[in-house]
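Some notes on the structure that comes next.
Nothing in this text is a laboratory measurement; each read-out follows from the coordinates by a stated rule. Nothing here was measured: the structure is a model prediction, and the numbers come from that model. Heads up, the Cβs are rebuilt from the backbone with ideal geometry, glycines too, and the neighbour counts pull from every protein chain shown.
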Amino acid sequence: MCGIVGYTGTEKAEGVIADSLTLLEYRGYDSAGLALAGSKSRSIDIYKCAGRVSDLRSLLDRNMKLEDREATCGVGHTRWATHGGVTDTNAHPHRVGTVTLVHNGIIENFRELTEEFRLKGKLKSETDTEVVAGVLDSFYAESEDPKKAIVQTLKVIKGTFALVIMFANYPDVIFAVRNVSPIVATQSEQGSMLASDLTALTRFTDRYFVIPEYTIAELHRSALYLWTMDGKPVDPEWCTMDWEKNSSDKGGYPFYMEKEINEQPDSIRKTIESRLKNGLPDFSVDEIDDSIFEDTDNITVAACGTAMHTGLVFQNLARKMLKTEVKVCLASEYMYESPVVGDKTLLIAVSQSGETIDTLQAVKYAKERGARTLGIINVRGSSIARECEGVLFTNAGPEIAVASTKAYTTQLSLLYLVIAKIAMVKGLWDDKKVREFTESLVKTPESVSNVLEEKNDIHIIARNILEARDLFMIGRGLDYAALQEGSLKLKEVSYIHSEAYASGELKHGPIALITQETPVVALATQESLLKKELSNVREVRSRGASVVLFVKEAMSEGLEQEFNIVRLPDLPDEFMVFPAACALQLLAYYVSSDKGFDVDKPRNLAKVVTVE
Ligand code: M6R
């Protein structure tokens, strides 16, 4: 959480940093700030405020000193508050004495450090970050050596951090160091730059590297150095971005969420295509050995939020199609459930960002106990990707909207390939059956396109639930799994309290909440469950609820006379989750945008969750 950026180079730092913060805003958007090293006065000036990056830009327009407009070095921050409320003073950067810094993470022992380093009188904010600046300044005062002061500070601070630091006597140089919280960096003709994630780096180059943990990065205008804690140079491990340069703009859509929903046919296609050879799943491009699937006798999916919901679909399919039990865990609960883990365990970690701390901890926990680990991840070079034994990368490109959409469907497409792979390597299906399965999978992008073509119908339906305070989503089997995601989508972007319920479970309690004021969204795509599902839908309707039924086209005959229906394009039942997901994403999107909300940045949320 929190977006951080540092730049020293030939361009005007204010523009580079403010633009980067806009791109990183999905990491937190309650306050924003930057520090600029004025090229003439050689001083470091701080501009910061509670609010969005747009508020910071207005502040800069009003108050920025003339010499700072020419500054070519600076650091910036967009905040998701952890310690201290959302105020101008608590916004980053923070300065104590000679040290100005921005921080992503949590310093656990900040109270003890405040006492130990007698910082009380020096601190202006309520943040843990300012304490680090104080500690660093105290050490720097002893030696006037930035790297030595950083090493000494790292020995006393506890917690997770990505720190980007400027020292008053080195106004053209940026130092950075991290533990757990990510920082990626790059060097180009325009200078040296770092940020908490790749989206901010695409401006100048497609080459980047991840700053290793407990390694000091020293950025100069035309060079960049890495140092170990005992002062030895380290060579960066350069990678190349596989994202197109302009993939981080809105492409003409009013919101990233709409753009990303529309990108799904393409991103699913890209994710599947390179992993099919003669209709059979092939993970050789990912260098994943079949043994990871062969040698396992128990599979757990650990993930959070939307990513966890892909696990529910996988679990359902694995039971039905492979007769194999799969556990799905909320990553934040995984280690507290005392899971039985051994060398026959395969832990599948699903994550768009690859930085979610709970998922990362689950991977580490399982690995320490001998499990094999497979990541399904969107961001290359991310912490979870580096921690997992093998990784299948989704080819979704950058996902900027906080509400995850294309990440979900691309993660699903990989999990479907994993189903086919397990069936193959364990000898559960013959090649013909595997090919039939992957043929259906290859058709999913087209079915998502078909839903997108009918999006106006979903927009009209969305208008009927704008005023709802509470809503239920009901379905059975695979539909119930898909609705967990549909319901999360609606609640996070529209602030309507929505609950996904297994249709058959309603009468065991929640049906008491059904009134005329409680709309119900029902999903019916599973032929064998249709009759029972329709009975449940009638039960809620007869209690006054207005119902929208999303139903597979082939099963929809006659239903329009009885219900308000949305037809979903036909695929075999097991694959209907793809068009259903897209339809439910559109529903959530239209409710949010019609209500006039900032769809991409729902309140209290952040795209990358790096605190426990
Ligand atoms: O980056 P990850 O996929 O690990 O993120 C997991 C969740 O935080 C994320 O899916 C979250 O639930 C989204 N806001 C859902 O739209």
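Tabulated data
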item: Distant-in-sequence amide H partners of residue 328 (H built 1.01 Å from N, under 5 Å); result: 301
item: Spin-label zone in the range 464-488 - amide nitrogen under 17 Å from a point set 7 Å from the Cα of residue 562 along the C-beta vector; result: 474-476
item: Least to most buried among 489, 507, 120 (fewest other Cβ within 10 Å first); result: 120, 507, 489
item: Modelled label reach - residue 466, point 7 Å along Cα→Cβ, the range 581-604 residues with backbone N closer than 18 Å; result: 586-600
item: Estimated distance in nm for a label pair at residue 364 and residue 206, the labels positioned 7 Å out from Cα along Cα-to-Cβ; result: 3.4
item: The chain - mean residue ellipticity at 222 nm from DSSP helices (-39,500 (n - 2.57) per run, n ≥ 4, rounded to 500); result: -11000 deg cm²/dmol
item: Nearest 10 degrees, 0 to 90: helix 305-322 Cα axis against the chain principal axis; result: 40
item: The range 152-176 and the range 548-612: distance between their alpha carbon centers, rounded to Å; result: 45
item: Antiparallel DSSP beta bridges within the range 255-442, as percent of all bridges there, nearest 5; result: 10
item: Partner lysines for residue 259 [C-alpha distance under 18 Å; skip if fewer than 8 residues away on the same chain]; result: 245, 250, 270, 406, 455, 489, 601, 607
item: Scattering profile of the range 21-115 at q = 0.19, 0.21, 0.25 Å⁻¹ [log10 I(q)/I(0), Debye over alpha-carbon scatterers]; result: -0.91, -1.06, -1.34
item: Sorted by Cβ density within 10 Å, fewest first, the residues 241, 308, 229; result: 229, 241, 308
item: DSSP-assigned coil residues among trypsin sites (Lys or Arg not before Pro) in the range 275-346, each with at most 16 further Cβ atoms within 10 Å; result: 323, 344
item: At 1.002 mPa s and 20 °C, Stokes D of the chain from Kirkwood alpha-carbon radius, µm² per second; result: 84
item: Cβ-based charge dipole, the chain, positive-most Cα from 328, 442, 608; result: 608
item: Furthest towards positive pole of dipole, 150, 171, 161, structure part the range 3-240, Cβ charges; result: 171
item: Cβ-based charge dipole, the range 284-405, positive-most Cα from 395, 318, 371; result: 318
item: Those trypsin sites (Lys or Arg not before Pro) in the range 1-68 that DSSP places in a loop and that have at most 14 other beta carbons within 10 Å; result: 40, 42
item: Under 20 Å from the Cα of residue 320 - lysines, other chains or at least 8 residues apart; result: 421, 426, 432, 433, 531, 532, 552
item: Integer Hz, Karplus 6.51/-1.76/1.60 couplings in order for the range 68-77, x for Gly and Pro; result: 6, 5, 9, 4, 10, 9, x, 10, x, 8
item: Relative compactness, the range 446-595, computed as alpha-carbon Rg over 2.2 N^0.38 Å; result: 0.93
item: Qualifying lysines (Cα of each under 27 Å from Cα of residue 124; at least 8 residues distant if same chain); result: 48, 65, 147, 148, 155, 158
item: Mean shadow area of the range 3-240, taken as a quarter of the surface of its Cα convex hull (nm²); result: 11.2
item: The range 493-521 versus the range 322-353: alpha-carbon centroid distance in Å; result: 29
item: DSSP bridge pairs, the chain: antiparallel proportion in percent, nearest 5; result: 60
item: Kirkwood Rh (inverse of mean 1/r, distinct Cα pairs), the range 394-458, angstrom; result: 13.7
item: Label-point gap, in nm, between residue 228 and residue 513 - each point 7 angstrom along Cα→Cβ; result: 5.6
item: Spatial separation of Cα centroids for the range 127-141 and the range 40-81, in angstrom; result: 21
item: Modelled FRET efficiency - R0 30 Å, residue 603 with residue 546, Cβ distances, 0.05 increments; result: 0.65
